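Q: Would you mind keeping the following structure in view while I ask a few things?
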2 protein chains.
Amino acid sequence: MEFEYDGPSMKTEVPGPRSKELTKQLGEIQNVGAINFFCNYEESRGNYLVDVDGNRMLDVYTQISSIPIGYPAEFPMFTSFSSQSAFVNRPALGIMPPENFPEKLAESLLSVAPSGMSRVQTMACGSCSNENAYKAMFIWYRVSTHTDPGCPDFSILSFMGGFHGRTMGCLATTHSKAIHKLDVPSFDWPIAPFPKLKYPLEEFTRENAQEEARCLEEVEDLIVQWRQKGRPVAGIVIEPIQAEGGDNHATPDFFKKLRNIAHKHGSAFHVDEVQTGGGATGKFWAHEHWGMDDPADIVSFSKKMLTGGFYHKDELQADKAYRIFNTWMGDPSKNLFLAEVLNVIRRENLLEEVTRSGKTLLQGLYQLQDQYPNLLSSARGQGTFCAIDIRDDATRNSILLKARDKGVLLGGCGDRSIRFRPALVFKEYHVHMFLNVFSDVLAEHN
Amino acid sequence: MEFEYDGPSMKTEVPGPRSKELTKQLGEIQNVGAINFFCNYEESRGNYLVDVDGNRMLDVYTQISSIPIGYPAEFPMFTSFSSQSAFVNRPALGIMPPENFPEKLAESLLSVAPSGMSRVQTMACGSCSNENAYKAMFIWYRVSTHTDPGCPDFSILSFMGGFHGRTMGCLATTHSKAIHKLDVPSFDWPIAPFPKLKYPLEEFTRENAQEEARCLEEVEDLIVQWRQKGRPVAGIVIEPIQAEGGDNHATPDFFKKLRNIAHKHGSAFHVDEVQTGGGATGKFWAHEHWGMDDPADIVSFSKKMLTGGFYHKDELQADKAYRIFNTWMGDPSKNLFLAEVLNVIRRENLLEEVTRSGKTLLQGLYQLQDQYPNLLSSARGQGTFCAIDIRDDATRNSILLKARDKGVLLGGCGDRSIRFRPALVFKEYHVHMFLNVFSDVLAEHN
């Protein structure tokens with residue numbers, strides 16, 4: 001990063017007059033109920049997002065956790081005709097890929113493939129990635145159980161509080177907020193409890209282990225029940241950290257045992273790393289914290305990876321062409337960006353940076369939690385992928401707005417949590433800058 | 001188009017040695033059963049696709065009908081820093097759009113909005129567009145029928161032979177080929193017969209009208225049955241021309257009556273223009289051929305529009321934020337391309353070009369059909385969106401390969417049809433060039 005601003009700078013309230021004007025314009029075209037403000041991406045740099053009213057904010061939310069290395073200052077990739085061509089000639093990747101496609105997959109996605117996986121399928125977004133991962137599990141399960149072909153009543157087991165997307169297959173496994181599912185038909189698939197742990201995890205090991213054992217027992221019960229119902233569980237899908245659902249953690253022991261349960265019952269194991277993947281936990285994939293050689297059968301991704309898609313073990317590859325297929329199957333221009341992003345991550349040792357910044361961030365949250373015990377609780381995190389609970393929903397929302405007024409952009413998750421989702425270039429001095437502002441905001445809410 | 005090649009030029013068999021080598025490489029990473037060959041997009045121009053072995057083919061398939069104005073010779077859009085910025089700063093459009101977003105929507109998608117629609121929502125691909133269009137219909141239907149909130153058993157009525165995508169909601173309405181649906185759980189939704197008409201339509205008006213009446217009657221029966229089953233039809237989805245399913249046409253009268261049936265029963269009417277939209281029928285939207293002021297409640301698009309999405313009437317807008325939502329909600333850089341493409345379409349009067357070329361193409365197909373009555377039947381089309389039936393599946397596939405060997409790229413659809421899907425820059429002399437090659441290939445199969 002050659003150049004970055006030296007701090008937030010606020011000119012107007014947010015949204016400012018220009019943002020309000022544009023929101024009104026866009027309101028003639030779309031529902032704008034979720035619009036925060038409009039951005040000037042040309043002026044945004046590194047960890048700073050600049051809005052159309054000239055407000056410059058330290059971005060600790062990064063477009064719902066989807067910007068890997070901050071807002072770039074220059075774009076070396078547009079200098080050559082051949083890379084420009086990659087942006088305008090969007091191929092039907094499944095039938096007529098460009099010459100450099102295997103090489104770029106190797107340089108980008110395969111260079112960070114999860115343990116045990118050498119195959120990857122790109123898709124346009126996170127929901128399509130999960131939809132197709134589910135299909136791959138159904139196809140595999142039908143073959144591995146010698147079930148007769150047809151449209152069988154297979155199911156996917158998911159967890160309360162989980163989020164896996166909003167298309168209809170994904171939505172049947174999403175349980176973070178009721179508004180996401182309202183009015184949309186769904187499948188009768190099993191939903192297991194996700195452990196509700198106490199933080200810091202290392203202080204409550206015994207209680208947490210009991211809670212995890214309870215949830216695992218329930219998982220096995222549900223698998224048996226749904227088999228008896230004639231809707232056998234083809235796959236289990238889980239996030240390494242439930243993100244939209246409130247940054248809910250579980251221990252490596254839980255995930256290891258869950259992986260074994262999947263094995264035992266012949267279900268595929270799908271780890272959804274759409275939000276956790278790409279380095280923010282201090283490892284490239286959050287599941288690497290489990291220390292397993294064979295962590296999953298399928299790992300899906302999107303957001304910070306710039307392209308959607310999923311890695312899978314050899315046996316999860318559909319047996320025939322056109323089963324996992326669509327016109328675009330992703331966008332190869334995103335692989336070019338990803339290859340450059342991964343080079344930066346390696347060259348600048350950004351995973352170490354994240355680990356360092358994350359420790360400082362979590363330490364700071366612990367201190368604030370000690371200072372404001374009636375306001376804050378359950379500080380938790382891996383790398384900079386951190387969160388903290390606020391007294392109640394209303395206070396949480398007020399804190400988010402006040403922090404924004406002071407030039408720090410944060411996001412909520414779950415019922416009353418704040419999630420911290422900086423880019424991988426969030427350094428220790430950015431952490432301190434953030435903690436100073438956050439501390440001021442908390443003082444106003446005590 | 002400043003420069004284009006003067007005809008096909010074949011150097012090797014297809015796939016050639018380099019394509020085979022790359023297919024083998026990619027086979028280590030993905031299922032390559034559908035790969036035709038690898039392309040050199042930098043050398044491809046206008047109507048000509050160049051492969052990695054130096055074969056130059058007249059492209060009458062255009063990446064499964066997804067290239068609007070051919071392969072570009074230059075990329076004026078990359079000259080400015082601000083448009084480069086649009087390519088690398090991918091925003092979460094639903095919460096923090098770029099400043100020019102409303103303006104670019106107006107210049108691009110809204111400038112070609114279907115009659116009666118001034119609202120549009122972008123999405124990343126065709127499947128996500130239809131998934132979200134279905135959700136919008138469910139949400140609207142719940143409100144308009146005063147049903148209690150929940151995950152109700154609403155349904156979407158679709159047609160045999162229809163194709164609407166491969167994610168799980170879409171797949172429940174897709175019925176073009178069994179392999180698409182195999183092993184994937186589905187919904188119990190009604191499927192109506194699509195008229196099986198005789199071509200040319202104007203020669204069989206009475207029989208065709210009877211067939212259409214039979215199908216419409218069945219639609220009404222199904223709506224009543226599913227209401228009685230407790231799974232009322234929230235929406236009807238249909239393609240103006242069933243494309244994947246075999247280029248099946250119906251008359252404007254059929255669509256008008258179907259639209260009225262939707263009205264009468266309180267179901268939303270969704271026209272899926274993912275393949276038909278963007279000008280290839282000689283009108284920008286295929287449904288314009290129906291001559292209706294109020295053709296639909298929702299029109300979805302993707303492919304030639306470069307971005308996915310759907311237009312909808314005001315009342316189909318979800319009442320609350322975050323109901324039709326995901327992280328990216330499309331990719332605004334695609335709107336920039338689309339705005340340029342639309343400018344070219346207008347400046348060069350490409351819809352007139354398509355109408356002219358399409359007439360010549362269909363005339364040529366009629367002549368060939370007269371010449372080879374045992375081989376060809378049912379030539380049909382609107383604009384250059386044409387098709388013809390071949391004696392049987394095996395002969396069809398042989399013709400496709402032989403044509404490719406002679407430098408003409410075609411695609412199949414349905415059981416035994418060939419579909420013609422040139423770009424909008426396919427001029428009359430390209431039609432003649434194509435017909436010459438096609439005629440030679442047919443002579444070999446007679």
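Q: For segment A:54-70 and segment A:345-359, write down the distance between their C-alpha centroids in whole Å.
A: 17 Å
Q: Sticking with this one: Mind telling me which of A:Asn208, A:Asn47, A:Asn374 comes out most flexible in a GNM of chain A, alpha-carbon contacts under 10 Å?
A: Its mean-square fluctuation being the largest, the pick is A:Asn374.
Q: Which net charge results for the neighbourhood of A:Asn260, defined as the other residues with beta-carbon distances under 14 angstrom from its beta-carbon, given Lys and Arg at +1 and Asp and Glu at -1? Mind dumping the intermediate values first?
A: Details: positive: A:Lys256, A:Lys257, A:Arg259, A:Lys264; negative: A:Glu212, A:Glu217, A:Glu220, A:Asp253, A:Asp293, A:Asp294, A:Asp297.
Residues close to A:Asn260 contribute a combined charge of -3.
Q: Calculate one ³J(HN,Hα) per residue across segment B:318-330 by plugging θ = phi - 60° into the Karplus curve 6.51 cos²θ - 1.76 cosθ + 1.60, and present them in order as whole Hz with x for glycine and proline.
A: Running phi through 6.51 cos²θ - 1.76 cosθ + 1.60 with θ = phi - 60° gives 4, 5, 10, 5, 6, 8, 10, 7, 7, 5, 8, 6, x Hz.
Q: Now for a separate question. On a 1.4 Å probe surface of the protein chains, which of A:His146, A:His249 comes out largest in accessible area, and what is the full order?
A: A:His146, A:His249
Q: Give the long-range amide H neighbours of B:Phe159: residues separated by 5 or more places, or on another chain, with amide H under 5 Å away, using H modelled in the peptide plane at 1.01 Å from N.
A: B:Ala192
Q: Give me, ordered by chain and number, the residues 5 or more places off A:Gly308 or on other chains with an amide H under 5 Å from its own placed amide H.
A: A:Met123, A:Cys125
Q: Additional query: From other protein chains only, count the Cβ atoms within 10 Å of every residue's Cβ in B:182-193, then give the mean.
A: 6
Q: Taking the Cα centre of segment B:41-154 as the origin, how large is its charge dipole in debye, to the nearest 20, when only Lys and Arg (+1) and Asp and Glu (-1) carry charge on their Cβ atoms?
A: So the dipole magnitude of segment B:41-154 works out to roughly 360 debye.
Q: Now a separate question. What accessible surface, in Å², does a 1.4 Å probe find on B:Asp370, ignoring ligands, DNA and RNA and rounding to the nearest 10?
A: 120 Å²
Q: Sticking with this structure for a sec: Under 15 Å from the Cβ of B:Pro232, count the other residues' Cβ atoms, weight Lys and Arg +1, Asp and Glu -1, and hand me the total.
A: Working: positive: B:Arg142, B:Arg227, B:Lys229, B:Arg231, B:Lys264; negative: A:Asp183, B:Asp148, B:Asp153, B:Asp188, B:Glu220, B:Asp221.
Summing Lys and Arg as +1 and Asp and Glu as -1 gives -1.
Q: What whole number of Å gives the distance from the Cα centroid of segment B:128-158 to the Cα centroid of segment A:133-204?
A: Using only Cα atoms to place each centre, the spacing works out to 21 Å.
Q: How much accessible area per residue does the protein assembly as shown have, counting only protein heavy atoms and a probe of 1.4 Å, in square angstrom?
A: Per-residue accessible area for the protein assembly as shown comes out at 34 Å².
Q: So what's the back-of-envelope 222 nm ellipticity for chain A, counting only DSSP H runs of four-plus at -39500 (n - 2.57) apiece and dividing by all residues, rounded to 500?
A: Calculated mean residue ellipticity at 222 nm is -11500 deg cm²/dmol.
Q: Shortest first and in nm to one decimal, what separations exist between B:Val344 and its copies in the other chains, measuring from label points 7 Å along the Cα-to-beta-carbon line?
A: Once sorted, the set of distances for B:Val344 reads 3.0 nm.
Q: Please report the carbon-and-sulfur percent of the accessible area for the protein assembly as shown; probe 1.4 Å, protein heavy atoms only, DNA, RNA and ligands left out.
A: On the way: 14760 of 30580 Å².
For the protein assembly as shown, the apolar C and S fraction of the accessible surface comes to 48 percent.
Q: Moving on. Can you list, shortest first in nanometers, how far A:Asp293 lies from the same residue in the other copies, with each label 7 Å from Cα toward Cβ?
A: 7.3
Q: Further question on the same structure: To the nearest 20 debye, what is the magnitude of the charge dipole of segment B:163-285 about its Cα centre, counting +1 on the Cβ of each Lys and Arg and -1 on the Cβ of each Asp and Glu?
A: 340 debye
Q: Among B:Gly94, B:Ser108, B:Thr147, which residue has its Cα furthest toward the positive end of the charge dipole of segment B:92-194, with +1 on Lys/Arg Cβ and -1 on Asp/Glu Cβ?
A: B:Ser108
Q: If you don't mind, another one. Along the charge dipole of chain A, pointing to its positive end and built from +1/-1 on Cβ of Lys, Arg, Asp and Glu, which listed residue (A:Met329, A:Leu58, A:His432) has its Cα farthest out?
A: The one lying farthest along the dipole's positive direction is A:Met329.
Q: Just add up the charged neighbours of B:Thr327: K/R +1, D/E -1, any other residue whose Cβ is under 12 Å from the Cβ of B:Thr327.
A: +3
Q: Specify which residue in the list A:Thr276, A:Ile191, A:Gly411 is farthest towards the positive end of the charge dipole of chain A, using unit charges on the beta carbon of Lys, Arg (+1) and Asp, Glu (-1), about the Cα centre.
A: The one lying farthest along the dipole's positive direction is A:Ile191.
Q: Sticking with this structure for a sec: For the protein assembly as shown, what is the charge dipole size about the Cα centre, in debye to the nearest 20, if Lys and Arg each add +1 at the Cβ and Asp and Glu each add -1 at the Cβ?
A: Charge dipole of the protein assembly as shown: 700 debye, to the nearest 20.
Q: Taking a point 7 Å out from Cα toward Cβ as the label site, list the nm distances between A:Ile179 and the same residue in every other copy, smallest first.
A: So the label point of A:Ile179 gives 4.3 nm to the other copies.
Q: Once A and B are treated as a pair rather than alone, how much accessible area drops out, both sides summed, in Å² to 100, probe 1.4 Å?
A: In total, this chain pair buries about 9800 Å².
Q: Next question, about the same structure. Which residues belonging to segment B:142-163 lose at least 50 Å² of 1.4 Å-probe accessible area when the assembly is complete, relative to their chain isolated?
A: In segment B:142-163, residues shielded by partner chains: B:Cys151.
The values are calculated or read from the model by the stated rules, or taken from the named source; none is laboratory data. Here the structure is a predicted model, which is why all the values come from computation and not from measurement. Counting neighbours? That spans all protein chains shown, and the Cβs are built from the backbone with ideal geometry, glycine included. Note: accessible area is taken over every heavy atom of the protein model, side chains too, but ligands, DNA and RNA are not part of it. Shrake-Rupley method; radii C 1.70, N 1.55, O 1.52, S 1.80 Å.
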